[in-house]
Amino acid sequence: MRRPLIVIAAAAAAAVALAGCGTTEPAAAGTGKAAEGITLTDATGAKVTLAGPAKKVVGTEWNVVESLVTLGVDPVGVADVKGYTTWDTAAPLKNTPKDIGTRGEPSMDTIASLSPDLIVATTDLQASAVKQLRKIAPVLEVRSANSADPVGQMKENLYLIAEATGTTTRADQAKKAFDTKVAEGAKALADAGLNGTRIAFADGWVASNQVSVRPYTSGSLIGGVNEALGLKNAWTMKGDKDYGLAATDVEGLTGLGDVEFAYIGSDSEPSDVFAGDLAKNAVWKSLPFVKKGNVHRLPDGVWMFGGPRAMEAYVDALVGALTR
């Protein structure tokens, strides 16, 4: 499922040091290795040393798996393969990696059986699990998210993984493709007279017959992309320090006013909260954007916490919905 790990991470992820940059160093004399050794500083400040570019790589979170695929590295192990193929269709797997278990609790035995060169994790993974993983192979932790600069953090993570896998040229190409897509999307919106349009992106779920809504503030990755497109985030509440996510309910939507409201549904979820559970809700039906039909369900398979390819897919979906 898409929600539980992110919710837990957003509420309880411990503060971590800012992600450091990587450097390459020649292999020690007398090792007999032609390839250069690589020394990186990861998001926790830990030094990660590799004999050369990692080839057999395990990814414990979907955003790092997307980065690996984008960089042309086929991961040998992926957490919750089915979930990844459902939620992050922008960067489909080209191989058949081993499923290593859940994103929150990867199987140590399964990972060890793969004999990886490198394990890429995020700072959402519990320290105790990372400690166990380090007994198997070098572990590179990237910061899960950063509300102070969500788009910049996404790019920084991509480049850190690229340094570990010797694929910085691919990272340059991915960054250029993303920046071009955003520029094209911004122009399309401006040409349609939509520059500065107020937008509210959210997701939601039902628990104990109560609908919870999760706003994506300016500090979220989605929020950062929206602003890069020239849109204005309609959410005024403060999100968490990592993901830029907040919490509200149906009544909390009444303060939005006249906005464009967007969300990403999935047919794999029990229900579509906004089109289903709230369809007969009096408060929901009274909202200006609902009355005007300015509620946009974007296509399935766009991972809201992903990398450049997922965000390119989001730009296409959002711009298409707003200019239709």
Requested in this report: Answer yes or no as to whether ALA51 is of a type in the set (A, V, I, L, M, F, W, C), at pLDDT 95 or above and buried (at least 23 other Cβ atoms within 10 Å of the Cβ).
Outcome: no
Query - Pick from the stretch 49-68, criterion of a type in the set (Val, Ile, Thr) and more than 17 Å from LEU114 (Cα to Cα), ranking: nearest to the chain's Cα centre (by Cα) - result: VAL64
Report task. For the stretch 206-324, please list each of the helices (runs of 4 or more DSSP H) lying entirely inside it that holds at least 3 residues being under 26 Å from ASN195 (Cβ atoms). Result -> 221-228, 288-291, 308-323
Requested in this report: Output the residue which, of all residues in the stretch 70-90 that are in a helix (DSSP H, G or I) and without any contact (Cβ under 8 Å) to a residue 60 or more places away in the chain, is farthest from ALA164 (Cα to Cα).
Outcome: LYS82
Query raised in the report: TYR314 is checked against (1) crowded, with 23+ Cβ neighbours inside 10 Å; (2) among the hydroxyl-bearing types (Ser, Thr, Tyr); (3) farther than 20 Å from GLY223 by Cβ and fails just one. What number does that condition carry?
Result: (3)
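Residue-wise test of (1) within 26 Å of the chain's Cα centre (by Cα); (2) within 26 Å of VAL182 (Cβ to Cβ); (3) assigned by TED's automatic domain parsing to the domain that holds LEU194; (4) β-branched (Val, Ile, Thr).
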{"position": "ASP258", "(1), (2), (3), (4)": "no, yes, yes, no"}
{"position": "SER266", "(1), (2), (3), (4)": "yes, yes, yes, no"}
{"position": "VAL283", "(1), (2), (3), (4)": "no, no, yes, yes"}
{"position": "PHE289", "(1), (2), (3), (4)": "no, yes, yes, no"}
{"position": "LYS292", "(1), (2), (3), (4)": "no, no, yes, no"}
{"position": "ASP300", "(1), (2), (3), (4)": "yes, yes, yes, no"}
{"position": "PHE305", "(1), (2), (3), (4)": "yes, yes, yes, no"}
{"position": "GLU312", "(1), (2), (3), (4)": "yes, yes, yes, no"}
Report summary line: Selection from the stretch 271-324 of residues without any contact (Cβ under 8 Å) to a residue 60 or more places away in the chain and within 26 Å of ARG103 (Cα to Cα) yields ASP272, LEU298, PRO299
Query raised in the report: In the stretch 119-136, is there at least one residue being touching a strand residue (DSSP E or B) at 6+ places or on another chain (Cβ under 9 Å), in a loop (DSSP other than H, G, I, E, B), surrounded by fewer than 22 Cβ atoms within 10 Å (Cβ to Cβ) and at pLDDT 95 or above?
Result: yes
Query raised in the report: Which numbered condition trips up GLY255, out of (1) among the small types (Gly, Ala, Ser); (2) closer than 20 Å to THR236 by Cβ; (3) crowded, with 21+ Cβ neighbours inside 10 Å?
Result: (3)
Report summary line: Residues in the stretch 149-180 that are surrounded by fewer than 15 Cβ atoms within 10 Å (Cβ to Cβ) and under 15 Å from the mean Cα position of the chain (by Cα) total 2
Report task. Kindly indicate whether any position in the stretch 282-298 is surrounded by fewer than 20 Cβ atoms within 10 Å (Cβ to Cβ), over 30 Å from LYS187 (Cβ atoms), basic (Lys, Arg) and at pLDDT below 95. Result -> no
Query raised in the report: Among the candidates ALA27, ALA91, ALA17, which residue alone is touching a Gly at 6+ places or on another chain (Cβ under 8 Å) and modelled with pLDDT of 95 or more?
Result: ALA91
Requested in this report: Restrict the check to the stretch 158-175 and report whether at least one residue is part of a loop (DSSP other than H, G, I, E, B) and at negative phi.
Outcome: yes
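The values are calculated or read from the model by the stated rules, or taken from the named source; none is laboratory data. It should be emphasised that the depicted structure is a prediction, and the values quoted were computed from it without experimental measurement. Here Cβ is always computed from backbone atoms with ideal geometry, including for glycine, and neighbour counts include all displayed protein chains.
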